[in-house]
1. Quick one: count up the residues across segment 70-91 that are in contact (Cβ under 8 Å) with a residue 60 or more places away in the chain and open to solvent by 60 Å² or more (accessible area, probe 1.4 Å).
2. What helices (runs of 4 or more DSSP H) completely inside segment 85-188 contain at least 2 residues that are of a type in the set (A, V, I, L, M) and over 23 Å from residue 29 (Cβ atoms)?
3. Specify the residue that is surrounded by the fewest Cβ atoms within 10 Å (Cβ to Cβ); the eligible residues are those in segment 373-423 that are β-branched (Val, Ile, Thr) and modelled with pLDDT of 90 or more.
4. Read through the list (1) free of Cβ contacts under 8 Å to residues at least 12 places away in the same chain; (2) within 20 Å of the chain's Cα centre (by Cα), then give the number of the only condition that residue 64 fails.
5. Which of the strands (runs of 3 or more DSSP E) contained wholly in segment 199-272 include at least 3 residues that are among the β-branched types (Val, Ile, Thr) and touching a strand residue (DSSP E or B) at 6+ places or on another chain (Cβ under 6 Å)?
6. Of all residues in segment 92-104, count the ones that are open to solvent by less than 20 Å² (accessible area, probe 1.4 Å) and either in contact with a helix residue (DSSP H, G or I) (Cβ under 7 Å, 6 or more places away or on another chain) or not assigned by the TED database to the domain that holds residue 137 (or both).
7. Can you report the number of residues in segment 245-256 which are within 19 Å of residue 185 (Cα to Cα) and free of Cβ contacts under 8 Å to residues at least 24 places away in the same chain?
8. Among the numbered criteria (1) of a type outside the set (Ser, Thr, Tyr); (2) in contact (Cβ under 8 Å) with a residue 60 or more places away in the chain; (3) closer than 25 Å to residue 35 by Cα, which single criterion is violated by residue 131?
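The values are calculated or read from the model by the stated rules, or taken from the named source; none is laboratory data. Bear in mind the structure is a predicted one, so any value in this text is a computation, not a measurement. Cβ coordinates were reconstructed from backbone atoms using ideal geometry, including for glycine residues, and neighbour counts include every protein chain displayed. Ligands, DNA and RNA are stripped out before the accessible areas are found, and what is left, the full protein with its side chains, is counted by its heavy atoms. Shrake-Rupley method; radii C 1.70, N 1.55, O 1.52, S 1.80 Å.
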Amino acid sequence: LIYDSFAHYLVTEKGYDEDLLTLAPDSLDFCCKGLVFDIEEGNFLKLAEDGTVLRASHGTKSMTFEEILEIYGRKEWKHFNTVSGMVSRTAKYYLYDNYFDLPGALLCARVVDSLDQHDGQKKYDFWKDIVAAIQHNYKISAFKEDCGMYFPEVKNHPDKYLQRCPESVKKWLKQLKNAGKILLLITSSHSDYCRLLCEHVLGNDFEEYFDILITNALKPGFFSHTPNQRPFRTLENDEEQEALLSLDKPGWYSQGNAIQLYDLLKKMTGKLDPKVVYFGDSMHSDIFPARHYSNWETVFILEELLGDKGTVPAKAESEPLEKKGKYEGDQLKVPYFVSKQWGSFFMDRLPGLENAEETLVHTWSCKCISTYSTIAIPSLEAIADLPLDYRFTRFSSNSSATAGYYPSPPRALLPSEDSAMTK
């Protein structure tokens with residue numbers, strides 16, 4: 001749906017090739033989290049932890065090792081410094097690090113293919129049109145106005161796109177609350193869309209699970225901005241009201257910043273430095289900023305651990321993995337399975353230069369996980385049945401690159417599995 005929403009806009013509003021509207025069933029294999037789009041060159045890159053390019057494609061077409069060496073060399077990619085500082089607002093590159101964004105990567109790659117075919121272009125300037133497509137489909141008023149393709153379709157067929165929350169997770173949320181924990185929901189979605197999702201996923205009583213709800217949080221700015229740069233606002237009928245000077249009580253708010261939220265948490269807990277554990281699925285918008293700016297504990301929800309047969313919790317094995325993220329048409333694979341084109345999310349082979357041995361290296365995405373997450377889990381379900389005082393091993397416990405994966409590290413990171421790496 002995300003792919004179609006953007007493609008439809010490009011074709012109908014910006015005059016792009018109609019071929020963009022049809023997707024071959026196997027084309028979703030291109031979607032792999034952790035890719036960086038080098039916008040000017042029209043290339044997608046998979047980076048090693050030291051910033052060198054491990055794999056690349058021009059549009060959807062994989063580049064050979066020789067082509068990669070010729071364009072990028074065996075050195076740190078020129079924008080690695082800014083991308084590894086999680087700076088995202090630039091016309092030079094875009095980091096695809098969550099499933100909501102990922103269909104856009106495939107669309108951009110196909111746009112490059114199309115422009116090459118018709119115009120023989122060497123430098124690309126279509127990114128502004130992609131931004132316009134995102135804006136058209138997701139602007140704050142789009143849900144209310146039935147604008148774009150995305151919101152109207154989710155409103156009309158929520159069951160097709162949303163999975164209901166397992167009972168074990170609902171029970172866990174209630175246990176946390178009963179144990180005196182303060183529960184927060186912080187989302188960049190606007191309140192009207194958030195309500196639709198939560199009613200469908202958790203039920204009509206979803207507000208009872210949380211003490212504080214913050215919508216249109218505009219992460220990562222929620223963590224990096226100061227109170228006067230981004231104050232909290234109250235909501236009336238999903239319309240944002242005047243800015244608040246401070247946050248005085250629990251409730252539902254819009255926008256805001258982590259500094260004033262933390263002040264409220266101090267007040268509510270009576271503690272000088274209350275501990276916050278933040279769960280998120282985007283390294284760039286959730287995990288990095290919550291750790292870097294707010295020094296919160298971070299739990300990274302990493303579906304790639306589900307696609308790794310070594311880490312499926314025993315209880316889940318009775319249910320075929322495919323059911324967990326069913327797409328229409330049996331040929332479409334669940335996105336967290338290993339991409340044939342891009343290989344493992346965690347490790348890859350770096351060919352040796354001049355007949356030297358190839359080496360196995362961690363990807364940059366993998367390095368970010370052990371650097372910025374306290375722990376990484378495949379889903380909330382994986383921990384919902386654990387006792388509330390269960391002690392997890394952190395990534396930082398012994399500076400280990402694997403310690404924080406629960407229930408176990410991905411197979412690609414286990415030494416005995418080198419031979420099983422996706423070639």
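1. So the count comes out to 1.
2. 127-138, 167-178
3. Here the answer is 393.
4. Condition (2) is where residue 64 drops out.
5. On the way: elements: 212-215, 232-236, 239-243, 251-255.
Qualifying strands (runs of 3 or more DSSP E): 212-215.
6. Here the count works out to 4.
7. 4
8. (2)
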